[in-house]
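First comes the structure, then the notes that go with it.
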Amino acid sequence: MKLRLRLRFARLRYTEVNIWRDEEAAAFVRSVANGNETVPTVTVAGHPLINPSKRQLMRTVETYAPHLLA
């Protein structure tokens with residue numbers, strides 16, 4: 001919830017996926033989070049981040065997907 005709220009003010013385009021309703025998404029999260037269903041798990045241009053801070057997320061976006069910044 002904390003990251004979601006912070007993203008609303010970041011002007012960053014993103015898509016939310018509910019892993020408890022999407023088995024394929026849940027399997028992906030488990031595959032990158034050592035078998036855990038850790039949320040938030042964020043993927044930026046193929047780079048997964050497990051429970052990132054806003055700073056970590058923005059740094060990754062700036063590095064790998066600057067076109068996502070408004």
* Quick one: which residues, 5 or more positions from Val44 or on another chain, have an amide H under 5 Å from its amide H? H modelled 1.01 Å from N in the peptide plane, none for Pro or chain starts. => Leu49
* To do: Just the number, please: carbon plus sulfur as a percent of the accessible area of the chain, 1.4 Å probe, no ligands or DNA/RNA counted.
  => 49 percent
* Structure fact -> Between the modelled labels at Glu37 and Ala10 (7 Å from Cα along Cα→Cβ) the distance in nm is 2.4 nm
* Structure fact -> With the 1.4 Å probe rolled over protein heavy atoms, the chain has an accessible area per residue in Å² of 76 Å²
* Asked: Once phi is turned into θ = phi - 60°, what whole-Hz ³J(HN,Hα) does the Karplus curve with 6.51, -1.76 and 1.60 give for every residue of segment 60-69, x standing for Gly and Pro?
  -> 5, 4, 4, 7, 10, 8, x, 5, 7, 7
* Between 0 and 90°, nearest 10: helix 23-32 axis offset from the chain longest Cα axis -> 80 degrees
* Asked: Considering the dipole of the chain built from charges on the beta carbon (Lys and Arg +1, Asp and Glu -1) around the Cα centre, which of Ala33, Ala10, Trp20 is farthest to its positive end?
  -> Ala10
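The values are calculated or read from the model by the stated rules, or taken from the named source; none is laboratory data. These figures come from a predicted structure and were not determined experimentally. Note that each Cβ is placed from the backbone with ideal geometry, even for glycine, and that neighbours are counted across all protein chains shown. Surface accessibility is based on the protein's heavy atoms, side chains included, excluding ligands, DNA and RNA. Shrake-Rupley method; radii C 1.70, N 1.55, O 1.52, S 1.80 Å.
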